[in-house]
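The values are calculated or read from the model by the stated rules, or taken from the named source; none is laboratory data. No experiment lies behind these values; they were computed from the predicted model shown. Counting neighbours? That spans all protein chains shown, and the Cβs are built from the backbone with ideal geometry, glycine included. These accessible areas exclude ligands, DNA and RNA; they are computed on the full protein's heavy atoms, side chains included. Shrake-Rupley method; radii C 1.70, N 1.55, O 1.52, S 1.80 Å.
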Amino acid sequence: MIVETVSGRVRGQVVDGIAAFLGLPYARPPFGELRFRAPSPVEPWEGVRDALEYGPTAPKRPYPPPLDRLLADPAVPGDDCLNLNVWTPVGARDLPVMVWIHGGSLRYGSSVPAVYDGTAFARDGVVLVSINYRLGIEGFGLFPDAPANLGLLDQLAALRWVRDHIAAFGGDPGNVTVFGESAGAISVGALLSVGDGLFRRAIMQSGPPDTVRPAAARRLTRKIARRLGVPATAAAFADVDRERLLDAQAAVRDGFGIVDPGMDRRFEGELMVGYNSEEYRLWFVPSGLVDRIGPLAFTLARLKYRIGGRAAGLYRARRPGAKPGEVLGALVTDKVLRVPLNQLADERTSRTFMYEFAWRTPVQNLGACHALEIGFVFDTLRTADVVALTGPDAPQPLADAMHAAWVSFARTGDPGWPAWSVKRPVMRFGVEPELVYAPQDDERTAW
């Protein structure tokens, strides 16, 4: 299948009525004279460009152990990393569009893992777009001589590409839903205030509308600069070998964040937000941290995270027999995710929907952990990427229900349950979907 775009013609592959166009550039390669610069428009080409394989991924290191055994993160070499993928039904016209922003702490991940395959969305009448963007210091370092949030600027450039090109692939540029998980959801939270009408709806999966202060971003940049022995400027970093830069970045464990772009949360479209019941287990259980946290470590961590005694006491009482590490994990999950998402929903008067993912995987006692819901949303349960987290017997009916809710939201703005109100309705995706009201509200109000 050949499609005419503004930049030139592209060739995709059709399987069972679904056309996939992989590795389409939405901006020029951000290296050479364009390193640490805002994304630059693609140069047009002549002839037909093959879009049959995933394009290069942004420079990164793989997830560290033990997460590397649970989260797929393939790397594709090459400079042309500002690319995206499109799945669409053959003959499509004016279909709703969904744009996926991957997670990975803003330093890992890409659009390549099979869990993000968009075939099921296209099968069900949605044009699915997934994007790559710059990561780590190249995407979210803060320099005096370069724009802030280059990775976020990449995401905006990709959304502009969708606005200008997606009709040629059968999508409706006036009906775009942007969605992401973890760092992808944090990105969506920032895009709510700077998206400039580029999307109509948004979904935030397991990520709050969170930003970092410029001072914190500068400190992280300076730490990496000291490792490299260069000034903390974009000009100096641009002269550093890519692999050496990644080594220095990996040695500094501080987290990257999006510098506040002036978030005002005036987004007027429909918004869906949600979290997993036991997000913390992805980090606390495989690492053994859940067993190493005793009463003293619990108290020190509580003070570090500024968790009050009232909340800590309530969570302990609600979990008799739980290990201190499990109680701390529940506290951190709610402080970082559930409570901020509830606050975001409360700030909006209507058109907000909330879910909770509660199905527990048997793999490594991970429970309803972070990232577990993605394979259900994409209906990709049988891929090796997803089986690593869910095991081979994850319930297909639950994937059918979640996937259908996301499709319905993209199509109509209604996922199939009541919008947020004083009753605090939450769709809980457990063994079976169940509508609940104000779940664990005594714990939420303890904050």
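Inside region 166-260, counting only helices (runs of 4 or more DSSP H) that do not spill past its ends, which hold 3 or more residues that are surrounded by 21 or more Cβ atoms within 10 Å (Cβ to Cβ) and of a type outside the set (A, V, I, L, M)?
Numbers: elements: 183-194, 214-228, 234-238, 242-251.
Correct list: 183-194.
Total residues in region 285-330 satisfying the condition of being part of a helix (DSSP H, G or I) and in contact with an Asp or Glu (Cβ under 8 Å, 6 or more places away or on another chain): the figure is 8. Kindly indicate whether Val99 is outside any loop (DSSP other than H, G, I, E, B), touching a Leu at 6+ places or on another chain (Cβ under 7 Å) and among the β-branched types (Val, Ile, Thr). Here the answer is yes, as Val99 does meet what is asked.
For region 410-427, the condition holds for at least one residue, the condition being that it is closer than 18 Å to Arg351 by Cα, assigned to a helix (DSSP H, G or I), of a type outside the set (Ser, Thr, Tyr) and at pLDDT 95 or above. Of the listed requirements (1) assigned to a loop (DSSP other than H, G, I, E, B); (2) surrounded by 16 or more Cβ atoms within 10 Å (Cβ to Cβ), Arg382 misses just one: (2). Only a single item in (1) out of contact with any strand residue (DSSP E or B) (no Cβ under 7 Å at 6 or more places or on another chain); (2) not in a loop (DSSP other than H, G, I, E, B) is not met by Ala38, and it is number (2). None of Gly288, Gly274 is in contact with a Ser or Thr (Cβ under 9 Å, 6 or more places away or on another chain) and either open to solvent by less than 50 Å² (accessible area, probe 1.4 Å) or without any contact (Cβ under 8 Å) to a residue 40 or more places away in the chain (or both) except Gly274. Of everything in region 8-62 that's surrounded by fewer than 17 Cβ atoms within 10 Å (Cβ to Cβ) and of a type in the set (Gly, Ala, Ser), which residue is nearest to Ala92 (Cα to Cα)? Going through the qualifying residues, I end up with Gly17. In the condition set (1) in contact (Cβ under 8 Å) with a residue 40 or more places away in the chain; (2) over 25 Å from Ala190 (Cα atoms); (3) surrounded by fewer than 18 Cβ atoms within 10 Å (Cβ to Cβ), Arg316 is compliant with all but (1).
Every test in (1) open to solvent by 10 Å² or more (accessible area, probe 1.4 Å); (2) assigned to a loop (DSSP other than H, G, I, E, B) is passed by Ala394 save one, and that test is (1). Only one of the numbered conditions (1) among the hydroxyl-bearing types (Ser, Thr, Tyr); (2) open to solvent by less than 10 Å² (accessible area, probe 1.4 Å); (3) closer than 28 Å to Phe237 by Cα is not met by Ser105, and that is (2).
Considering each residue of region 132-145 in turn, none proves to be at pLDDT 95 or above, under 30 Å from Gly391 (Cβ atoms), in contact with a helix residue (DSSP H, G or I) (Cβ under 8 Å, 6 or more places away or on another chain) and among the aromatic types (Phe, Trp, Tyr).
Given the condition polar (S, T, N, Q) and under 28 Å from Leu220 (Cβ atoms), answer yes or no: does some residue in region 87-96 qualify? Spell out how you get there, then give the answer.
As a first pass, look at region 87-96 and keep what is polar (S, T, N, Q): 88.
Filter once more, so that each one left must be under 28 Å from Leu220 (Cβ atoms): none.
Scanning region 87-96, I find no residue that is polar (S, T, N, Q) and under 28 Å from Leu220 (Cβ atoms), so the answer is no.
For Arg134, state whether it is open to solvent by less than 10 Å² (accessible area, probe 1.4 Å), out of contact with any His (no Cβ under 6 Å at 6 or more places or on another chain) and assigned to a loop (DSSP other than H, G, I, E, B). For Arg134, the condition - open to solvent by less than 10 Å² (accessible area, probe 1.4 Å), out of contact with any His (no Cβ under 6 Å at 6 or more places or on another chain) and assigned to a loop (DSSP other than H, G, I, E, B) - is met.
For region 137-165, a tally of residues being touching a strand residue (DSSP E or B) at 6+ places or on another chain (Cβ under 6 Å), outside any helix (DSSP H, G or I) and surrounded by fewer than 22 Cβ atoms within 10 Å (Cβ to Cβ) returns 1. Among the residues making up region 57-83, a single one is touching a strand residue (DSSP E or B) at 6+ places or on another chain (Cβ under 9 Å) and not in a loop (DSSP other than H, G, I, E, B): Asn83. Restricting to region 102-131, what's the tally of residues that are of a type in the set (A, V, I, L, M, F, W, C) and in a loop (DSSP other than H, G, I, E, B)? Residues flagged as of a type in the set (A, V, I, L, M, F, W, C) and in a loop (DSSP other than H, G, I, E, B) within region 102-131 amount to 3. Being surrounded by 16 or more Cβ atoms within 10 Å (Cβ to Cβ), in contact (Cβ under 8 Å) with a residue 40 or more places away in the chain and basic (Lys, Arg) holds for only one residue in Arg266, Arg302, Arg281, and it is Arg281. Just to be sure before I move on: is Val407 under 22 Å from Val176 (Cβ atoms), in a helix (DSSP H, G or I) and of a type in the set (A, V, I, L, M) in the structure I sent? Here the answer is yes, as Val407 does meet what is asked. Scanning region 76-91 for residues that are surrounded by fewer than 24 Cβ atoms within 10 Å (Cβ to Cβ) and either polar (S, T, N, Q) or touching a helix residue (DSSP H, G or I) at 6+ places or on another chain (Cβ under 7 Å) (or both) turns up just one, Pro89.
Every residue, every condition in (1) open to solvent by 10 Å² or more (accessible area, probe 1.4 Å); (2) without any contact (Cβ under 8 Å) to a residue 60 or more places away in the chain; (3) among the hydrophobic types (A, V, I, L, M, F, W, C), yes or no:
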{"residue": "Pro324", "(1), (2), (3)": "yes, yes, no"}
{"residue": "Leu328", "(1), (2), (3)": "no, yes, yes"}
{"residue": "Pro340", "(1), (2), (3)": "yes, no, no"}
{"residue": "Gln343", "(1), (2), (3)": "yes, yes, no"}
{"residue": "Glu347", "(1), (2), (3)": "yes, no, no"}
{"residue": "Phe353", "(1), (2), (3)": "yes, no, yes"}
{"residue": "Arg360", "(1), (2), (3)": "yes, no, no"}
{"residue": "Gly367", "(1), (2), (3)": "no, no, no"}
{"residue": "Leu372", "(1), (2), (3)": "no, no, yes"}
